[in-house]
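**Q** Structure provided below as structure tokens; questions to follow.
Every number here is computed from the coordinates shown, using simple stated rules; none is lab data. Owing to the predicted nature of the structure, the values given are computational and were not obtained by experimental measurement. Neighbour counts are summed over all protein chains in view; Cβ atoms, including those assigned to glycine, are modelled from backbone coordinates with ideal geometry.
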Amino acid sequence: FLVPNTTSVVEGDTFAIECRAVGCPPPSIMWQYRKDDAQNATTVKAAVRVDIQSQVTSSSASKSILTFMNIRRLWTGMYRCHSDNGVVNIGYSRFTLINVYYVSMFLVSSDVTVDEEASFQLSCTPKGHPLLSVLSWRKVSLVNSADEQQVNGSQRVLFGISNTSVVLNVMRSITADSGLYLCQFPATSSSVRSETIRVEIRGRPANVATVKKQSIHA
């Protein structure tokens, strides 16, 4: 049998897993599923968004492809294939764990107002079953909403993960750091969930030179 141990997919994706088996004559292959270790495995059958394509590839081998179209979070679980050629019960493959990731809502830190040169931290905690590595931060200008750009790391701008939160640390802030910060996760393969945090950096007052008036007596 050739199947992966674990695989991850974002809800809404189309995903396929392949099983191959050898035997003489070529064995037939079926798929089984269980939610967790406590459940018994049940047979997976073709359905509206579940396709199974099996074929003989040689005189002693066959393969089967299990495809999920628009995969849903309810299909998270363990899958395996079983083969039998009528002569020998070849047996079962190991289980493959399919993790379906999704985001249902966010918890974000409060809006920030600080003076220039101060540091600040933004945090974003997705709820659901998120794949944290796919988060992105974007910033929209407070002056021009059409001015939106990716937030990239630098010596001043650092990204990190604390427990289940993704954090953005900005050191020695400048007025250009002001904006609406969007933390974004894919909700499905074709849509993104995001929440906004407003950041305002107060610039330092300009130094005003004063001239002392002097009285001149003739």
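**Q** Could you count how many Lys pairs in the chain have their Cα atoms under 22 Å apart, skipping same-chain pairs fewer than 8 positions apart?
**A** Numbers: 35/45; 35/127; 45/63; 127/139.
Total qualifying Lys-Lys pairs in the chain comes to 4.
**Q** Quickly rank 162-174, 33-45 as a protection proxy: mean count of other C-beta atoms within 10 Å, highest first.
**A** 162-174, 33-45
**Q** Further question on the same structure: Please give the contour-minus-distance gain from residue 87 to residue 105: 0.36 nm per residue of separation, less the Cα-Cα distance, rounded to one decimal in nm.
**A** 1.2 nm
**Q** If the chain between residue 60 and residue 156 were fully stretched, how many nm would it gain, using 0.36 nm times the residue separation less the Cα-Cα distance?
**A** On the way: separation 96, 0.36 × 96 = 34.56 nm, distance 6.07 nm.
Computed gain between residue 60 and residue 156 is 28.5 nm.
**Q** I would also like to ask the following. With the radius of gyration and the Kirkwood radius both derived from the Cα set of the chain, what is their ratio Rg to Rh?
**A** 1.31
**Q** Rank-order 146-157, 128-139 by packing density, defined as the average count of other C-beta atoms within 10 Å over each peptide's residues, highest first. Provide the component values of the computation, followed by the final result.
**A** On the way: 146-157: 10.8, 128-139: 16.1.
Final packing ranking: 128-139, 146-157.
**Q** Oh, and also: Given the C-alpha centroids of the stretch 64-135 and the stretch 1-55, what is the distance between them in whole angstrom?
**A** The distance from the Cα centre of the stretch 64-135 to that of the stretch 1-55 comes to 18 Å.
**Q** Can I ask one more? What translational diffusion coefficient, in µm²/s and rounded to a whole number, does the Stokes-Einstein relation yield for the stretch 21-104 at 4 °C and a viscosity of 1.567 mPa s, taking the hydrodynamic radius as the Kirkwood radius over Cα pairs?
**A** 93
**Q** Another one. Just checking the chain: which Cys have no other cysteine's beta-carbon under 4.7 Å?
**A** 24
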